[in-house]
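Asks: The structure's right below; bear with me while I get my questions together.
Bear in mind that the values in this text are calculations on the coordinates, not laboratory data. No experiment lies behind these values; they were computed from the predicted model shown. Heads up, the Cβs are rebuilt from the backbone with ideal geometry, glycines too, and the neighbour counts pull from every protein chain shown.
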Amino acid sequence: MKNPRAWLGAAATGCGIGFMKALAWLPLPAVRALGTALGWLLYGLVGARRRVVHANFSVCFPALSAAGRRALAIETFVYFSQAWLDRAWLWHAPEKWVRQRVRLTGAVEELAGAAPTVIFLPHFIGLDAAWAATALAMPRPSTTIYTDQSNKGVDQWILRGRQRFGHLRLFGRIEGVKPIVAALRAGQPLYLLPDMDFGPTESVFVPFYGVPTATVPSLSRFARLGRAKVVPLLPRLTPTGYEVLVLPAWTDFPGSDPVADTALMNARLQAYIATMPAQYYWVHKRFKTRPDGAASLY
């Protein structure tokens with residue numbers, strides 16, 4: 001055995017994926033119960049991420065009491081864990097089960113036809129259910145931008161899962177803008193998750209919960225280059241699966257100023273988060289990059 005560490009890592013990855021494949025066959029209440037237990041466990045044991053969540057809440061929900069923030073943080077960990085385990089049935093259960101558990105609602109007609117469309121999919125924990133719901137309902141090919149995972153086994157598992165239904169093409173960030181814009185103009189909807197911090201060189205500072213927050217201006221950029229409408233997609237975890245809400249296309253986007261567009265995106269995202277605050281992806285360092293001279297929040 002030339003590399004025991006690599007062998008053990010591959011074995012652990014294989015066991016983990018095997019566990020998820022087996023989990024797919026359990027009734028949904030059992031999967032959700034496991035997710036609840038895992039969420040409480042992670043909240044208690046993973047101190048680094050717990051501190052990130054509480055730091056985010058101190059910025060975004062300053063009016064909440066300490067007890068209120070703790071309750072919201074535990075709920076966040078539970079939803080995060082349930083959504084992670086839900087990948088088992090989203091990616092491995094019979095298609096019939098997935099169709100029964102994932103509902104596409106709202107302005108579904110926005111996804112029909114061949115008009116260039118950017119789907120604004122913020123980082124809510126149900127984003128993988130959103131892929132599945134739209135792929136099952138929308139036959140035309142679509143695209144997104146994908147960042148490779150460091151674990152190649154996990155990377156391949158995620159790729160297969162997200163491409164299980166429909167015709168989803170994944171572009172790497174290194175491929176640049178041109179092929180993405182070409183696909184968008186050809187009528188292939190682009191799933192975009194732009195509520196991210198890619199550092200000071202690729203982001204602009206715009207308000208998010210009243211704090212200057214590094215945010216990539218890609219939603220404005222692709223909407224303009226692709227001459228595309230922007231359609232928000234909001235997945236919500238429910239006791240019976242997921243409800244994926246399609247909102248009407250924005251009629252005032254993009255404008256003439258990408259920075260103002262990105263600020264508007266963040267303002268609307270805040271309103272979406274207010275409808276399900278525990279289901280946003282608070283476990284990541286949303287305020288990692290700070291303006292010059294500003295202290296770290298983490």
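Asks: Along the Cα-to-Cβ line of Glu109, 7 Å from the Cα, sits a label point; which residues in the stretch 227-246 have backbone N less than 15 Å from it?
Replies: Counting backbone N atoms under 15 Å from the label point, the list is 246.
Asks: Considering all alpha-carbon pairs of the stretch 54-206, what whole percent are spaced by more than 20 angstrom?
Replies: 60 percent
Asks: Which of Phe222, Phe198, Phe208 moves the most in a Gaussian network model of the chain with Cα springs under 10 Å?
Replies: Phe198
Asks: Show the residues, 5+ positions off or on another chain, whose built amide H is closer than 5 Å to the amide H of Arg169.
Replies: So Arg169 has HN proximity to Ser142, Thr143, Thr144.
Asks: What whole number of Å gives the distance from the Cα centroid of the stretch 249-298 to the Cα centroid of the stretch 18-76?
Replies: Cα centres, the stretch 18-76 to the stretch 249-298: 22 Å.
Asks: Under a 5 Å amide H to amide H cut-off, with H placed in plane at 1.01 Å, what residues pair with Arg236 once short-range neighbours are removed?
Replies: Amide H to amide H, under 5 Å and 5 or more residues apart or across chains, Arg236 pairs with Glu243, Val244, Leu245.
Asks: Mind giving me the FRET efficiency for Ser296 and Leu159? R0 is 22 Å, r the Cβ-Cβ distance, nearest 0.05 is fine.
Replies: Once the sixth-power term is evaluated, E becomes 0.05.
Asks: Something else now. How long is the gain from Ala182 to Thr275 if the chain were fully straight, where each residue apart is worth 0.36 nm and the alpha carbon distance is subtracted?
Replies: Numbers: separation 93, 0.36 × 93 = 33.48 nm, distance 3.48 nm.
Length gained, Ala182 through Thr275: 30.0 nm.
Asks: Within the chain, what percent of beta bridges assigned by DSSP are antiparallel, to the nearest 5?
Replies: 40 percent
Asks: If you don't mind, another one. If the chain between Ala30 and Phe61 were fully stretched, how many nm would it gain, using 0.36 nm times the residue separation less the Cα-Cα distance?
Replies: 7.9 nm
Asks: Can you give the calculated 222 nm mean residue ellipticity of the chain, where each DSSP H run of n ≥ 4 adds -39,500 (n - 2.57) and the sum is split over every residue, rounded to the nearest 500 deg cm²/dmol?
Replies: Result for the chain, helices only: -15500 deg cm²/dmol.
Asks: With springs connecting C-alpha atoms under 10 Å apart, model the chain as a Gaussian network and identify which of Gly166, Gly14, Gly187 has the largest mean-square fluctuation.
Replies: Greatest mean-square fluctuation among the candidates belongs to Gly14.
Asks: Can you tell me the Rg and Dmax of the stretch 55-135, counting just the alpha carbons, in angstroms?
Replies: My reading of the Cα-based Rg and Dmax gives 16.7, 49 Å.
Asks: May I pose another question? Roughly how many Å is it from the Cα centre of the stretch 136-184 to that of the stretch 87-119, as a whole number?
Replies: Between the Cα centre of the stretch 136-184 and that of the stretch 87-119, the gap is 16 Å.
Asks: Whole-Hz ³J(HN,Hα) for each residue in the stretch 98-112, computed from phi via Karplus 6.51 cos²θ - 1.76 cosθ + 1.60 with θ = phi - 60°, x for glycine and proline: what do you get?
Replies: My calculation for the stretch 98-112 gives 4, 4, 6, 9, 10, 10, 9, 10, x, 7, 4, 4, 5, 8, 8 Hz in order.
Asks: Let me ask another. Below 8 Å between Cα atoms, with a sequence gap of 6+, how large is the relative contact order for the chain in percent?
Replies: Numbers: 482 pairs, mean separation 69.4, N = 298.
Once normalised by length, the contact order is 23 percent.
Asks: Working from the pairwise distances between different alpha carbons, so that the mean of 1/r is found and then inverted, what is the chain's Kirkwood radius in Å? All intermediate terms of the calculation are to be shown ahead of the outcome.
Replies: Values: mean 1/r = 0.0493 Å⁻¹.
Across the chain, the inverse of the average 1/r is 20.3 Å.
Asks: Convert each backbone phi in the stretch 192-209 into a coupling constant with the Karplus relation 6.51 cos²θ - 1.76 cosθ + 1.60 (shift: θ = phi - 60°), then list the ³J(HN,Hα) values in order as whole Hz, x for Gly and Pro.
Replies: 10, 10, x, 7, 9, 10, 9, x, x, 7, 10, 10, 10, 8, 9, x, 9, 6
Asks: While we're here: State, to one decimal in nm, how far the label point of Glu75 lies from the label point of Ser150, with both points 7 Å from Cα in the Cβ direction.
Replies: Computed distance between label sites Glu75 and Ser150 equals 3.3 nm.
Asks: Rounded to whole Hz and in sequence order, give me ³J(HN,Hα) for the stretch 151-168 from the Karplus expression 6.51 cos²θ - 1.76 cosθ + 1.60, θ = phi - 60°, writing x for Gly and Pro.
Replies: 7, 5, x, 5, 4, 5, 5, 5, 4, 5, x, 6, 9, 4, 10, x, 9, 9
Asks: Another question, if that's okay. Going out from 0 in 5 Å bins, what whole percent of all Cα-Cα distances in the stretch 13-114 drops into each bin?
Replies: Computed distribution, short to long bins: 2, 11, 17, 16, 14, 13, 13, 10, 4, 1.
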